[in-house]
Each structure stands twice: as C-alpha cells, then as structure tokens.
Amino acid sequence: MPFIATCTYCRASKFRVPFKKRGTFATCPKCEHEFLLAPESGVDVPLMNYKELPFEDEDDLFDGEGSSELVETIPEHEPLPEAAPPAPLPAAPSIESVAVVVSPPRPATTDLPMRFALVAVAGFGLAVLVTQFPYGRLVAAPLALGGLVLAALGWLGLEKYPWLGATGTALNALLLAALLAFPSWLGLAGWTPEDDPQAVPKRALAISKESGAARPAEWIDAATAVWEYGDVRIAIAGVKVEVADPAAKTIEKRKERVLRIVVKVENIGVARAIPLGGWNEPPAREVKLTAGGAPVAIRPAAEDRTPVYPGKSHDVTLTFALPEKFDELRLELPGAAFDCDQSPRFQIPKAMIVGVR
C-alpha cells in the first residue's frame with residue numbers, strides 16, 4: 001500500500017511511494033537533498049542506516065505500484081515579518097524608594113501550656129489525697145497553690161483546649177479555699193495532728209433525732225436520740241417480738257418467740273472504715289440486756305463482720321430470749337465491737353417495741 005513521504009529538508013515536495021521502499025533514501029528534485037522515505041506520521045522507521053542499502057532499481061521510485069510521483073509542491077515560505085522589538089521593562093525602583101516590610105518571626109508552637117494545665121489537674125488529685133494523711137493540710141496547701149499558678153499560666157497560653165487550663169484553675173482554687181477557710185469540707189481540723197480536736201480524748205454524745213442538739217451521753221432514750229463517738233454513730237433501728245423460727249417442724253418451736261433488736265452502725269467520718277465483729281465475746285465484749293433489772297440472755301448467732309465505710313451504715317440484728325416484762329428495758333453494747341473505747345447504753349421504752357401482747 002503506497003504512502004505519502006515528505007522531504008524533510010525543504011518540506012516543499014511530497015511523493016507517493018510504494019510501501020516496499022519505506023525506510024530507504026531518495027533525492028528531492030527540488031532541493032536536491034537525500035531524505036528518508038517514511039510516512040508523514042513518522043511511525044516505525046527502522047533504526048538502521050538504510051542509505052547503505054542501495055535501491056534494487058533506481059527507477060522503482062517512478063515505476064509500478066504507487067510510483068513516486070510528485071503530488072504537490074509547496075511554495076517557498078515568504079519571509080516572516082520582523083517581530084517588533086519588545087517594550088523595555090520599567091526601571092526597577094531604587095532601594096531607597098521601596099519600603100521593606102519585614103514581618104516579625106512567628107513564634108514556634110509549643111505544648112508547654114498544655115503540660116502546665118495537665119500537671120495542675122494532676123496536682124489537684126495529689127493534694128486531695130495528701131489531706132488524708134498526718135500533716136496533710138500543711139502539705140496540700142502549697143501543692144494547691146502551685147497547681148493554681150501552673151493552671152493559670154497554661155490557661156493563658158493554650159490555643160487549643162483552653163477549658164483544660166480553666167478546669168485546673170477552678171479545681172485548685174476551690175481546694176485552696178477549702179484548706180484555708182473551710183477545712184471541714186474535707187474532714188480536716190488543725191494544720192498538725194496536735195491541733196486536731198479529734199486527737200484529744202473524745203466524749204460520747206447523745207444526739208437528738210429532732211433538733212440535732214448534743215449532750216453528754218449517759219443512758220440514751222433510744223426513741224429520741226442516737227449515740228455518737230468520733231466517727232461512729234449508733235442508733236436503735238427497731239425492736240420487735242416475733243417467732244424464733246417460723247419454719248420449725250414442731251408446733252412448740254413455731255410458737256416460741258424471741259426479742260430482736262436491730263442496731264444501726266453508721267460511719268460519719270471520711271478517713272477510715274469501721275470494723276465490726278465480736279459483739280458477744282465475754283468478758284471484754286459482751287452485749288448486756290436487762291428488763292426490770294433482770295438480765296436477759298442473748299441467743300448465739302453467726303456474726304456479721306462487714307466493715308462500715310465512710311458515709312455508709314450497716315444493720316446488726318441481736319436476738320434475745322423473750323423477757324418476762326418489758327418495763328425498764330436497757331441495752332449496753334460493747335464499744336470494742338466497732339473499735340471504740342466507750343460503750344453505748346440505751347433505754348428502750350415499751351412504746352418502741354413491736355409485737356408486745
């Protein structure tokens with residue numbers, strides 16, 4: 001299949017060339033230069049010196065299929081008009097006439113304010129923990145002050161999460177105010193253990209259930225007051241006469257009645273758990289109940305030794321034989337059962353007893 005070849009020198013003559021002559025050289029009749037016969041698209045031109053391969057027949061360019069006849073002659077190009085000289089560039093302004101504006105260097109970003117805020121929040125938790133130890137108030141105050149300063153510095157420098165610095169500032173300021181002006185919020189008293197009024201010998205108090213008024217405890221009316229000593233508060237929660245064992249097999253056992261007294265032990269402190277146990281271990285720990293001056297026997301039972309944590313309370317049920325009469329019912333509990341060196345004593349009025357016939 002013939003193709004169109006163009007002189008690569010003058011670009012003025014085009015020839016129709018047989019395909020078998022593709023990649024050979026021919027002489028342009030116009031500019032008399034030898035050029036490579038190749039399609040105008042320039043594809044697949046063999047990478048070899050085709051000039052060293054002479055034509056089998058010089059007349060083949062003009063014979064046979066698709067003779068290499070001149071298709072068209074492109075007229076010589078007219079000289080291009082000379083381009084106008086480029087306009088001169090404006091003169092550069094002198095250094096004196098240019099105001100050079102130099103922006104201040106941008107400060108390098110740092111996470112130092114974030115560290116300040118985090119240390120302040122962590123210091124608050126440490127200061128609260130320290131208050132539970134001896135001299136805790138004395139140590140926690142400078143910790144809270146340092147945390148307040150760090151949190152304020154972090155708050156001023158934080159671009160992200162400014163609430164973190166604000167939180168540290170508020171927490172440490174609140175703690176510092178509590179340590180200086182309101183130590184009772186944290187269950188504190190003096191700056192040193194010697195200044196703590198709880199460090200001196202305490203007295204048992206009778207606290208009125210209605211008014212909260214306190215008076216020295218002797219025999220406490222269980223219906224109107226509770227017994228308090230340090231962080232321990234004891235109250236009689238209920239007194240009831242009931243069947244000893246409703247599931248007993250014999251009628252006599254099901255008819256047997258006992259007196260049950262529910263003692264409520266409450267921890268009103270903030271520092272320690274109150275241990276319970278050993279309610280009836282004579283002679284040091286012995287529950288004593290009298291009715292009309294006559295002792296009433298306590299019935300043995302498995303003891304509940306659950307400790308009472310700060311702010312919590314626990315009920316202990318004591319079971320006694322049924323007394324003959326219920327006038328002048330008095331109950332004395334061993335203080336050692338809840339880690340106290342004084343024993344609570346209650347007078348239980350008959351009106352408080354449920355189930356008396």
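The values are calculated or read from the model by the stated rules, or taken from the named source; none is laboratory data. Note that this is a predicted model, so its numbers are computed, not measured. Cβ: placed from backbone, ideal geometry, glycine included. Neighbour counts: every protein chain shown.
If you check Glu228 against the conditions, is it acidic (Asp, Glu) and without any contact (Cβ under 8 Å) to a residue 60 or more places away in the chain?
yes
Out of everything in segment 106-118 that is surrounded by fewer than 17 Cβ atoms within 10 Å (Cβ to Cβ) and of a type outside the set (Asp, Glu), what residue ends up being modelled with the highest pLDDT?
My answer is Arg115.
Pairs please, first residue from segment 273-284 and assigned by TED's automatic domain parsing to the domain that holds Val316, second anywhere and modelled with pLDDT of 85 or more and part of a loop (DSSP other than H, G, I, E, B), Cβ atoms under 6 Å, 6+ apart in sequence or on different chains.
Going by the 6 Å Cβ cut-off, the qualifying pairs are Ala273/Pro307; Ala273/Tyr309; Pro275/Pro307; Trp279/Val287; Asn280/Val287.
If a residue has to be part of a strand (DSSP E or B) and loosely packed, with under 14 Cβ neighbours inside 10 Å to count, how many in segment 258-308 make the cut?
Residues flagged as part of a strand (DSSP E or B) and loosely packed, with under 14 Cβ neighbours inside 10 Å within segment 258-308 amount to 2.
Only one of (1) part of a helix (DSSP H, G or I); (2) of a type in the set (Gly, Ala, Ser); (3) modelled with pLDDT under 55 fails for Gly123. Which number is that?
The one condition Gly123 does not meet is (3).
Are there any pairs, at least 6 apart or on different chains, whose C-beta atoms fall under 6 Å, with the first in segment 336-357 and assigned to a strand (DSSP E or B) and the second small (Gly, Ala, Ser), and if so, which?
Phe346/Ala222; Ile348/Ala222
Any idea how many residues of segment 335-351 are at pLDDT below 90, crowded, with 16+ Cβ neighbours inside 10 Å and among the hydrophobic types (A, V, I, L, M, F, W, C)?
Summing the residues that are at pLDDT below 90, crowded, with 16+ Cβ neighbours inside 10 Å and among the hydrophobic types (A, V, I, L, M, F, W, C) in segment 335-351 gives 4.
If you go through segment 311-335 one residue at a time, how many are outside any strand (DSSP E or B) and either at positive phi or touching a residue at least 60 places away in the same chain (Cβ under 8 Å) (or both)?
So the count comes out to 6.
Restricting attention to segment 254-267, does a residue exist that is more than 53 Å from the chain's Cα centre (by Cα), on the phi > 0 side of the Ramachandran plot and not assigned by TED's automatic domain parsing to the domain that holds Gly187?
no
Of the residues that sit in segment 123-150 and are surrounded by 14 or more Cβ atoms within 10 Å (Cβ to Cβ) and small (Gly, Ala, Ser), which one is nearest to Pro162 (Cα to Cα)?
It comes out as Gly147.
Does segment 251-265 contain at least one residue that is closer than 30 Å to Pro134 by Cα, modelled with pLDDT of 90 or more and touching a helix residue (DSSP H, G or I) at 6+ places or on another chain (Cβ under 9 Å)?
yes
Please identify the pairs in which a residue from segment 12-24 that is assigned by TED's automatic domain parsing to the domain that holds Leu37 and surrounded by 15 or more Cβ atoms within 10 Å (Cβ to Cβ) has its Cβ atom under 7 Å from the Cβ atom of a residue that is among the basic types (Lys, Arg) and not in a helix (DSSP H, G or I), counting only partners at least 6 apart or on another chain.
Ala12/Lys30; Ser13/Lys30
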